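The values are calculated or read from the model by the stated rules, or taken from the named source; none is laboratory data. For clarity, every value in this text was computed on a predicted model and none was experimentally measured. Every residue, glycine as well, gets a Cβ built from its backbone with ideal geometry; the counts of neighbours run over all protein chains shown. Just the protein is used for accessible areas: all its heavy atoms, side chains included, with ligands, DNA and RNA removed. Shrake-Rupley method; radii C 1.70, N 1.55, O 1.52, S 1.80 Å.
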Amino acid sequence: MEKMPKIALLRWDADQISDVLMKLETLPGNSTNPESYPFDVALVHVKGANMDTVEVNPCQEMLDEYIRVCKELAAQGVKAITTSCGFNAYYQEALAAAVPEVVFTSSLLQVPFAQTIVGKNGKVAILTANSNDLTEEHLARANITNRENVLIYSMHEQPEWSRVYSDPNGPFDLDAVASEVVDVLRKGLEEHPDIGAVVFECTDLPPFASRVREELGLPVFDFNSMVGHIAMALNIHKLY
């Protein structure tokens with residue numbers, strides 16, 4: 001039997017992925033694109049995981065299924081488990097308690113670190129897919145207890161990105177999305193020049209992180225920085 005990778009990613013139900021999300025998936029850097037990783041990652045579809053049960057209405061039934069899959073993966077030798085959507089921060093505490101393996105559900109887990117490095121006079125900007133769905137419960141379960149220097153910006157009102165919700169199987173311009181990501185954060189930086197770091201909640205946004213870094217000069221923490229950190233911590237990926 002083929003050996004299981006040490007890191008597994010829980011992704012949405014195979015029958016619940018829209019055309020727009022599939023197009024985003026083609027970009028290297030997207031969490032569900034195998035080319036995003038310099039090491040092996042198991043991409044695991046989870047029955048019932050979709051925009052409703054993960055982003056809009058997280059529920060006990062979804063948590064139960066996640067726990068079942070996590071235990072199954074642990075039995076197969078997986079050492080760390082992550083997910084394909086930052087809104088899974090809602091399930092972080094329960095999943096981490098359910099299995100002894102490393103569980104890191106959301107790039108939001110990096111916010112406290114980013115807050116520390118920008119200092120008390122700096123701010124951290126969270127860029128989320130949809131701020132309507134990012135609740136205080138998500139933040140609390142990601143251990144973001146200090147909200148004084150956290151700003152939340154959203155993509156959901158941007159013309160092209162909004163198609164993720166309004167026209168999920170229609171046309172979608174990836175170049176336009178890249179510009180929208182930069183524009184949202186540029187406006188935020190104009191209003192708050194003390195922003196010292198950005199954290200992308202959404203795992204579809206990392207392909208656009210390099211443009212933010214280059215054009216705005218800000219450090220960007222995203223899904224890739226998180227999974228890379230875990231891979232090095234577990235000696236899966238080595239720099240030296």
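Things worth noting here:
- Checked against (1) over 25 Å from ALA233 (Cα atoms); (2) open to solvent by less than 70 Å² (accessible area, probe 1.4 Å), ASP64 meets all criteria but (2).
- Residue that is nearest to SER179 (Cα to Cα) [pool: residues in segment 146-168 that are part of a loop (DSSP other than H, G, I, E, B), touching a residue at least 24 places away in the same chain (Cβ under 8 Å) and open to solvent by 50 Å² or more (accessible area, probe 1.4 Å)]: ASP167
- Meets criteria (in a strand (DSSP E or B) and closer than 16 Å to ALA125 by Cα) for ALA197: yes
- Search result, residues across segment 169-185 that are part of a helix (DSSP H, G or I) and open to solvent by 80 Å² or more (accessible area, probe 1.4 Å): ASP175
- The listed residue being surrounded by 17 or more Cβ atoms within 10 Å (Cβ to Cβ) and in a helix (DSSP H, G or I), out of VAL124, VAL103, VAL111: VAL111
- Among the residues of segment 186-214, those identified as more than 19 Å from PRO28 (Cβ to Cβ) and open to solvent by 60 Å² or more (accessible area, probe 1.4 Å) are ARG186, LYS187, GLU190, GLU191, PRO193.
- Subset of segment 73-96 [among the small types (Gly, Ala, Ser), open to solvent by 10 Å² or more (accessible area, probe 1.4 Å) and over 12 Å from the mean Cα position of the chain (by Cα)]: ALA74, ALA75, GLY77, ALA94, ALA96
- Count of segment 127-145 residues which are surrounded by fewer than 16 Cβ atoms within 10 Å (Cβ to Cβ) and either in contact with a Cys (Cβ under 9 Å, 6 or more places away or on another chain) or part of a helix (DSSP H, G or I) (or both): 3
- Unmet requirement for GLU35, which otherwise passes all of (1) touching a Pro at 6+ places or on another chain (Cβ under 9 Å); (2) open to solvent by 30 Å² or more (accessible area, probe 1.4 Å); (3) in contact (Cβ under 8 Å) with a residue 24 or more places away in the chain: (3)
- Per the listing VAL69, VAL54, the residue uniquely farther than 15 Å from SER106 by Cβ and at pLDDT 95 or above is VAL69.
- Pair list, Cβ < 7 Å and 6+ apart or interchain, from segment 79-91 residues that are of a type in the set (Gly, Ala, Ser) to residues that are part of a helix (DSSP H, G or I): ALA80/ILE230; GLY86/SER107; GLY86/LEU108; ALA89/LEU108; ALA89/HIS138; ALA89/ARG141
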